[in-house]
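Novice: Quick one: structure below, then a few questions.
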Amino acid sequence: MTMKLHTKYLGNVEIDEKKLIRFPNGLPGFPEETEFIILELPNNTAFQLLQSTKTSSLAFVITNPYLFYQAYELKLEQDFLEVLQITDKEDVAVYSIVTLNKPFTQSTMNLRAPVIINTKRLIGKQYILNEHKYTSRAPIAPDEKRDASC
């Protein structure tokens with residue numbers, strides 16, 4: 001079943017209701033925003049939009065952090081896995097929220113608090129890492145001499 005959705009960046013789009021992702025506790029700072037959808041950006045495979053279905057003006061640019069930082073590692077705690085009902089690592093998608101800046105090469109991504117989605121059950125939650133190994137402002141264009149660490 002499809003529904004029409006007004007989005008922040010793409011205007012009006014039709015979405016498949018079967019692809020809606022539930023965030024039972026919302027996102028930090030947006031506890032009332034409990035339903036999102038991932039939308040593809042035209043002609044851009046590296047970035048997507050995490051669009052709220054409730055508030056058309058709320059959308060986050062997201063990306064797969066492994067496209068930029070192949071050595072990125074995180075270990076999800078057991079209670080977090082249980083909240084998202086994750087039983088198989090194949091059902092896990094990891095995204096970083098991007099902060100766009102001008103010029104684009106000055107844009108950053110949040111490696112310290114990735115968005116984790118159970119792609120099988122379509123449940124998501126932002127996972128805030130306790131250790132300080134990664135920064136919330138990792139460069140989009142990594143410098144070879146620098147990594148995603150603080």
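The values are calculated or read from the model by the stated rules, or taken from the named source; none is laboratory data. In this text, all values refer to a predicted model and were calculated from it rather than measured experimentally. So basically every Cβ, Gly included, is an ideal-geometry build from the backbone, and we count neighbours across all protein chains shown.
Novice: Could you pull out the residue among Pro65, Pro28, Pro24, Pro114 that is farther than 16 Å from Ala141 by Cα, in contact (Cβ under 8 Å) with a residue 40 or more places away in the chain, surrounded by 17 or more Cβ atoms within 10 Å (Cβ to Cβ) and not hydroxyl-bearing (Ser, Thr, Tyr)?
Specialist: Pro114
Novice: Output the residue which, of all residues in segment 108-131 that are out of contact with any Lys or Arg (no Cβ under 6 Å at 6 or more places or on another chain) and modelled with pLDDT under 95, is nearest to Leu39 (Cα to Cα).
Specialist: Ile128
Novice: Also, quick follow-up: Does Thr135 qualify as being over 30 Å from Asn12 (Cα atoms), in contact (Cβ under 8 Å) with a residue 24 or more places away in the chain and surrounded by 15 or more Cβ atoms within 10 Å (Cβ to Cβ)?
Specialist: When the stated conditions are applied, Thr135 passes them.
Novice: Search segment 32-54 for residues being farther than 14 Å from Gly11 by Cα and of a type in the set (S, T, N, Q), and hand back the single one that is surrounded by the most Cβ atoms within 10 Å (Cβ to Cβ).
Specialist: Across segment 32-54, the extreme among qualifying residues is Gln48.
Novice: Taking Ala93 and the conditions (1) touching a Ser or Thr at 6+ places or on another chain (Cβ under 6 Å); (2) assigned to a strand (DSSP E or B); (3) at pLDDT below 95, which numbered condition does it fall short on, given that it satisfies the others?
Specialist: Answer for Ala93: the failing condition is (3).
Novice: In segment 96-107, how many residues are within 17 Å of Gln70 (Cα to Cα) and at pLDDT below 95?
Specialist: 0
Novice: Filter segment 1-12 down to the residues that are surrounded by fewer than 17 Cβ atoms within 10 Å (Cβ to Cβ) and either in a loop (DSSP other than H, G, I, E, B) or in contact with a strand residue (DSSP E or B) (Cβ under 9 Å, 6 or more places away or on another chain) (or both) and list them by number. First the steps, then the outcome.
Specialist: Looking only at segment 1-12, we keep the residues that are surrounded by fewer than 17 Cβ atoms within 10 Å (Cβ to Cβ), and these are 1-4, 6, 8-12.
Across segment 1-12, the qualifying residues are Met1, Thr2, Met3, Lys4, His6, Lys8, Tyr9, Leu10, Asn12.
Novice: In addition: Examine segment 35-57 for a residue that is out of contact with any Pro (no Cβ under 9 Å at 6 or more places or on another chain), closer than 29 Å to His132 by Cβ and in a loop (DSSP other than H, G, I, E, B), and state whether such a residue exists.
Specialist: No, segment 35-57 contains no residue that is out of contact with any Pro (no Cβ under 9 Å at 6 or more places or on another chain), closer than 29 Å to His132 by Cβ and in a loop (DSSP other than H, G, I, E, B).
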